[in-house]
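I have placed the structure first, in the form of structure tokens, so that the comments after it can refer back to it.
Derivation of every value follows stated rules applied to the coordinates shown; laboratory data play no part. Note that the structure is predicted; figures quoted are calculated from it, not measured. Note that we place each Cβ from the backbone using ideal geometry, even for glycine, and neighbour counts take in every protein chain shown.
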Amino acid sequence: MFKRFHQLYPADSMASDQKIYRASTTAPVNIAVIKYWGKRDPTLNLPTNSSLSVTLSQSDLRTHTTASCSSTYRKETPEDSLLLNGKLEPLTTPRSIACLRSLRALRSELESTNPSLPKLSTYPLRLASSNNFPTAAGLASSAAGFAALVRAIADLYELPQSPTELSLIARQGSGSACRSLLGGYVAWDKGSRDDGTDSCARLVAPKSHWPEMRALILVASAEQKSVSSTAGMQTTVKTSGLFRQRVEAVPQRMLEMEKAIREKDFEAFAEITRKESNSFHATCLDTDPPIFYMNETSKMAIRAVEAINKEAGRTVATYTFDAGPNCVIYYLEKDWDFLAAKLDLALDGKEGWSKERTSDAGGLGVGNERVEEGLKN
Ligand code: ADP
Ligand code: DP6
Ligand code: CO
């Protein structure tokens, strides 16, 4: 008797696909003015409160990520891998696995509806990523990092999903990353479903709505923080009484912030921003053991901004600090000369400040490209 084989494919099946598929992208950081701090579901990265941020332009701070896959990688490195700033990082954390699994599932759907597509979902992935700004120092590297990771793989897989749909995936990598998939003024609605399918990014206003907005970043320390955002917020949720009050206050602040942005009311924007930052850092201090993200240099920046506004007799600038000592100052373009001169006087020559950069509210995906490299061998 002959053994029978069914459904034999011609020679261009998976096994003979020797190509290397590659896609690159850049992603911006976003700096929250209503802070995300606390998870109601740590596995799905579902937050205890909604948040809102400004996506900064990529001219200054950005992540560049290249994703590639090939059946030929199976022989050399069968595991998925990430080279972050030149160092091999495990892609085995539950958050990375969740992102890769979701992206592969979407690619696999495409492949099953179109069998002529190469089976990229089954190939090992190699990612190479670099941040041109301090990593894990409170400048939203996890946001730009996971936004870039998701975007690069989505491009590699030629996925048709919208940025909002991809934000659901990026959220599982790092909560704040969902907001970096969109440009301009972006909310992350906490959502109410247990499966997290309504916890995603929403455009509040495009950059063009308020083009005068600027951000200035004062780098107080490029050192890696001692308590990661993930670990810090978990301890806050468990131990801080102030945190529970904060969670109740945030929804009203969200409404006020959206109104301030809609009406381009800088005075209101500035007041909510600085109060939010201080409220967030107060809950960090109320955490047991206490978390100190700001340092003496950070406080110097706060004092300088408060003094500048007082001297001007109006609100020229506002400040916010993420989970780190570095300061982000929001201001309107027309006030740059005044602000820069006064900040120079207040901070220049003072120990601690090393760099400053300016950015406007920008968007995602400058310089995307996708290639299929010819046959190997
Ligand atoms: P930050 O304040 O910089 O967002 P976090 O503590 O939230 O700091 O996250 C830092 C972590 O984010 C890093 O240790 C790394 O695991 C991840 N990360 C940072 N940059 C990237 C990147 N480009 N690609 C993938 N992951 C990244
Ligand atoms: C202070 O998004 O970095 O920057 O979801 O655990 O990765 P994980 O945390 P992450 O937390 C950001 C905290 C924040 C505020 C914010 O960006 O909203
Ligand atoms: Co982060």
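A few comments on the model shown:
- Given charges at Cβ of Lys, Arg, Asp, Glu: the chain dipole, positive-most of THR320, CYS284, LEU339: CYS284
- Among GLY196, LEU242, GLY183 - extreme Cα towards positive end, dipole of the stretch 165-255, charges at beta-carbon: LEU242
- When only the Cβ of Lys, Arg, Asp and Glu is charged (+1, +1, -1, -1), the dipole of the stretch 101-236 relative to its Cα centre reaches about 200 debye.
- Electrostatic dipole magnitude of the chain [Cβ: Lys, Arg +1; Asp, Glu -1; Cα centre; debye, to 20]: 840 debye
- Sorting 337-344, 172-179 by their mean Cβ neighbour count within 10 Å, with the most densely packed peptide first, gives 172-179, 337-344.
- Exposure proxy ranking, count of Cβ atoms within 10 Å, fewest first, for GLU276, GLU258: GLU258, GLU276
- Projecting the Cα atoms of TYR21, ALA222, SER57 onto the charge dipole of the chain (Cβ charges, centred on the Cα centre) puts TYR21 farthest toward the positive pole.
- Sum of -39500 (n - 2.57) over DSSP H runs of 4+, divided by residues of the chain (222 nm, nearest 500): -11500 deg cm²/dmol
- The stretch 31-132 - charge dipole about Cα centre, Lys and Arg +1 at Cβ, Asp and Glu -1, debye rounded to 20: 120 debye
- Highest mean first, the peptides 222-231, 159-168 sorted by other C-beta atoms within 10 Å per residue fall in the order 159-168, 222-231.
- Look at where the Cα atoms of the stretch 36-92 and of the stretch 274-303 average out, and the two centres are 27 Å apart.
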